[in-house]
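Student: Take this structure first; my questions come after.
Just so it is clear, none of the values below were taken in a lab; they were calculated from the coordinates. Keep in mind that this is a model prediction, so the values were computed, not measured. Positions of Cβ are generated from backbone atoms using ideal geometry, with glycine treated the same way; all protein chains shown enter the neighbour counts.
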Amino acid sequence: MHMDEIKGELASIISAVKARIDLEKRFGVDTVTLTKSDVGANGCPPGKAVKTSGDRTSMSEKEKKIKLLEDIKNEMLACHKCTLGKTRTNLVFGVGDPMASLMFVGEAPGRDEDLQGEPFVGRAGQLLTKIIEAIGLKRSDVYIANVLKCRPPENRNPLPEEIVLCMPYLIKQIEIIQPKVLCALGTFAAQTLLNTKAPVGTLRGKFHEYEGTPMMVTYHPAYLLRNPNDKAKVWDDMKKVRDFLGELSGKDSKI
C-alpha cells in the first residue's frame, strides 16, 4: 500500500471516529464507546473494505454487497450492546435488493416483525407495500430497514442510547447499498438521519440530503393507519420520489 493510500485510510478512520463521537454527543451520551465494528474490519471505516486479491475480485457488485450485508447481519446476531438484544425474538436486519435505487428507513420492528425477522410485515408493512406498488415498483425492487434492528418492549419509542448504539449498523447498510434516493419514514428515522429535532410535518414534502444522497421525509405507515386523512400527503411525497427516479432513469437506464 502506497503512502498516499495509507494517509487516505487514516483520514477515513479519523472521520468515522469523529462521526461516532458527534452522534453520541447529539443524543446526550457523555461516554464515547467505540468498538472495532464502528471503524470497520481491519481498521477501515464502515462500509469500506480493504482491497484484496483472490475470489473477491471476481465477484459481481451485487454479490459483494450481499456478502458485506451478510457479514454485518452476522455481527448483529451476536450484538448485545443494549438490552434489546436479550428481549428480541428475532433480529430484524433489513430486506430487499442490495442494488436498490430506493431505500426506506423506518423506526424499529414491531410485534409481527420481531416474530418473522423481517421489517414492515404487519399492517403498516402491508400499507408500505401498497405505497411502493403505487409508484410503479415492487417490494423486491427496494431495500427496507429500520434505525433499530430489535423490537423495543411493548413497541415503545427508541431510547437515545439505543439509537446511538444501533445507528452505525444502519450507516453501514446505506453505505453498502448506495441508494440513489432515501425515504425516511416517520420521526425517528427523519430526525436521526438529518440530525434535527424538526417535526415530520415540517420536513416532509421536499428533498433533503443525507451524506450526499437525496432523502425524502414522509409519514410512517403506522401513523397513516391512525390518521388516514394524511395519506394524500404521503402520496404527494412519493410522487416526488417517483418523478425524481424517473428523471435519473433518463440519464441512467438502470434505476
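Student: Between segment 63-117 and segment 132-207, what is the separation of their alpha carbon centroids in Å?
Tutor: When both Cα centres are located, 12 Å separates them.
Student: Among rounded, prolate and oblate, which fits segment 183-255 when a ≥ b ≥ c are the square roots of the eigenvalues of its C-alpha gyration tensor, a/c under 1.5 means rounded, and a/b larger than b/c means prolate?
Tutor: Because a/c hits 1.5 or more and a/b fails to exceed b/c, segment 183-255 counts as oblate.
Student: Given the pairs Lys149/Lys233; Lys64/Lys149; Lys65/Lys233; Lys149/Lys197; Lys172/Lys239; Lys62/Lys206, which are separated by over 32 angstrom at their Cα positions?
Tutor: Lys65/Lys233
Student: Can you tell me the alpha carbon radius of gyration of segment 59-251 divided by the globular rule-of-thumb value 2.2 N^0.38 Å?
Tutor: So the Cα radius of gyration is 0.97 times the expected 2.2 N^0.38 Å.
Student: Taking amide H atoms as placed 1.01 Å from N in the peptide plane, list the residues 5 or more away in sequence, or in a different chain, whose amide H sits under 5 Å from that of Gly122.
Tutor: Glu113
Student: With the dipole of segment 59-251 worked out from charges on the C-beta (+1 for Lys and Arg, -1 for Asp and Glu) around the Cα centre, which of Gly186, Ala108, Leu159 lies farthest toward the positive end?
Tutor: Gly186
Student: On full extension of the chain, what length is gained from Ser249 through Lys64, given 0.36 nm per residue of separation minus the C-alpha to C-alpha distance?
Tutor: 64.2 nm
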